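Structure, as structure tokens:
The values are calculated or read from the model by the stated rules, or taken from the named source; none is laboratory data. Because the structure is predicted, anything quoted here is derived from the model rather than measured. Virtual Cβ from ideal backbone geometry, glycine too; neighbours counted across all protein chains shown. Note: accessible area is taken over every heavy atom of the protein model, side chains too, but ligands, DNA and RNA are not part of it. Shrake-Rupley method; radii C 1.70, N 1.55, O 1.52, S 1.80 Å.
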Amino acid sequence: MSGYHKREFETFPVHKLKRVQRPTTLILDDKVQRVDERESGFNKAVRGDYGDEEIMGKNSRQKGNDSFPSTQPPVPSHG
Amino acid sequence: MTAYLRDVVNGIVATQKAPIPEDPERLSRHIKELAYFLRADAVGICKLPSYAVYTNSFPNGESIELNHEYAISVLIDQDWRTSSATMGNDWISNSMSFLSYSTSGFIACIIADYIRRLGYPARAHHARNYQVVVPPILLWAGLGEMCRIGDCVLHPFLGPRFKAAVVTTDLPLAVDKPIDFGLQDFCSKCAKCARECPSGALSFSGKVMYNGYEHWPTDIEKCTKMRVGNPRGSGCGTCIKVCPANKPYTPFHRAVGWAVRHSSMARSIAVRADDLLGYGKPKPEKQWWFDLEDVDGVLRIPAPNIDSEDKN
């Protein structure tokens with residue numbers, strides 16, 4: 001293997017961290033139920049589960065994701 | 001920006017496998033090097049837990065079947081300089097979040113496309129098109145531990161200041177192991193995120209079990225209402241801003257981080273010192289962005305931020 005492949009290539013020294021067999025918070029693998037993406041907080045807000053005032057994009061003060069210009073997707077060019 | 005990546009998460013797999021090594025260690029190294037080449041800030045690989053796959057997709061509820069064996073996680077820093085300037089729930093807050101989502105999603109889409117060209121199935125998962133729940137994947141990939149901030153994983157060097165995207169694939173890869181850097185002890189001693197959360201969504205209490213996961217409980221409704229309905233800014237990342245683990249990667253903070261990872265006493269001292277040294281407060285003199293609000297397609301200067309005036 002060349003020297004290129006021996007170099008440290010990662011941004012942070014993760015190779016120095018203590019590695020363990022399982023995550024440090026308990027996960028009961030056989031008890032975890034798969035979840036429906038529609039039940040996430042944002043997706044509930046989109047469909048109004050948290051009330052009309054919190055529907056994303058309802059008015060200018062409550063657009064949340066898109067009320068600041070650098071968060072918005074660029075407008076396609078027409079030229 | 002992530003909206004443009006919504007439809008490029010999957011594609012045709014090359015009919016012929018590329019002449020590449022079959023050694024999983026070399027392939028993992030190669031994929032990580034590719035991710036860093038594409039400017040990822042951290043990368044980890046694990047087996048894809050079956051419970052990390054959603055049952056149904058948003059918004060139409062299609063049933064999800066995803067049987068890939070491996071998950072590659074890509075983290076992108078939300079930017080320390082901006083994080084130090086913001087108050088966490090002002091006008092730049094959501095940009096920090098979504099630009100990291102966009103960048104990690106962009107990298108994930110390229111990696112997935114590359115793997116498909118090698119002749120192996122692969123799918124990217126990012127903020128606008130997930131089929132997987134990300135936190136358990138990050139835990140198994142050795143990219144962090146669960147922290148007090150609601151169902152979030154905290155990275156040992158980036159703290160909570162990152163967003164993630166994932167690539168699932170059947171490319172045979174060597175996996176990373178989970179990590180232990182003392183965070184459970186640290187978060188048990190520190191509740192700064194709960195103290196500073198403007199919506200009161202984060203808990204001061206201990207961990208509980210929920211759906212088979214041990215975690216610190218969070219009021220998701222309060223958190224979401226704040227982020228979606230914040231009247232004085234765009235979104236909210238106050239917990240990320242004030243977390244003592246949200247630090248720059250300087251020699252001083254690297255030394256402190258080493259001590260905190262190795263000593264319970266250092267963790268106790270660090271929790272107190274973070275407040276004493278004034279960390280977690282906004283630095284308006286470092287603000288580089290203009291506070292602007294889109295009102296029906298017209299940008300205007302938002303009304304003064306009362307919280308910001310109080311804190312400064």
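Things worth noting here:
- Per-residue SASA entry for B:Tyr249, accessible area with 1.4 Å probe, Å² rounded to 10: 90 Å²
- Protein-protein interface of the stretch B:144-161, residues with accessible area decrease of at least 20 Å², isolated chain reference, 1.4 Å probe: B:Phe157
- In summary, the helical segments of chain B meeting the span-like criteria, namely a full DSSP H run, a Cα extent along the axis of 30 angstrom or more and a mean Kyte-Doolittle hydropathy of at least 0.0, are B:93-118.
- Separation in nanometres of the label points that stand 7 Å from Cα toward Cβ, at B:Val8 and B:Val175: 3.0 nm
- Accessible surface, 1.4 Å probe, highest first, among residues A:Phe42, A:Phe12, B:Phe204: B:Phe204, A:Phe42, A:Phe12
- Accessible surface ranking for B:Lys222, B:Lys241, 1.4 angstrom probe, highest first: B:Lys222, B:Lys241.
- For peptides B:113-121, B:101-109, B:280-288, sequence by mean Cβ density within 10 Å, most packed first: B:101-109, B:113-121, B:280-288
- In this assembly, the B-A interface accounts for approximately 6100 Å² of buried accessible surface in total, computed with a 1.4 Å probe and without ligands, DNA or RNA.
- Taken per residue, the accessible surface of the protein assembly as shown reaches 48 Å², heavy atoms only and a 1.4 Å probe.
- Once the Cβ-Cβ distance of B:Met209 and A:His15 is raised to the sixth power relative to R0 = 35 Å, the FRET efficiency obtained is 0.60.
- Stretchable slack from B:Trp288 to B:Glu62, in nm (0.36 nm times residue separation minus alpha-carbon distance): 77.1 nm
- Amide H partners (placed H, <5 Å) of B:Asp77, local residues excluded: B:Asp41
- Computed over chain B with a Gaussian network model linking Cα atoms closer than 10 Å, the most mobile of B:Thr55, B:Thr169, B:Thr250 is B:Thr250.
- Accessible surface of A:Glu8 - all protein chains present, 1.4 Å probe, nearest 10 Å²: 130 Å²
- With every protein chain in place, chain B: carbon and sulfur % of accessible area (1.4 Å): 57 percent
- Springs between Cα atoms under 10 Å define the GNM used for chain B, and in it the highest mean-square fluctuation of B:Asp90, B:Asp296, B:Asp275 occurs at B:Asp296.
- Going from the chain on its own to the full set of protein chains, the stretch B:36-60 has these residues losing 30 Å² or more of accessible surface (heavy atoms, 1.4 Å probe, no ligands, DNA or RNA): B:Tyr36, B:Asp41, B:Tyr51, B:Tyr54, B:Thr55, B:Asn56, B:Phe58.
- Label point distance in nm, B:Arg81-B:Ala303, each placed 7 Å from Cα along Cα→Cβ: 3.3 nm
- Minimum 50 Å² accessible area buried by the other protein chains, the stretch A:23-38 residues, probe 1.4 Å, relative to alone: A:Pro23, A:Thr24, A:Thr25, A:Leu26, A:Ile27, A:Val32, A:Arg34, A:Val35, A:Glu37, A:Arg38
- Accessible surface ranking for B:His253, B:His125, 1.4 angstrom probe, highest first: B:His253, B:His125.
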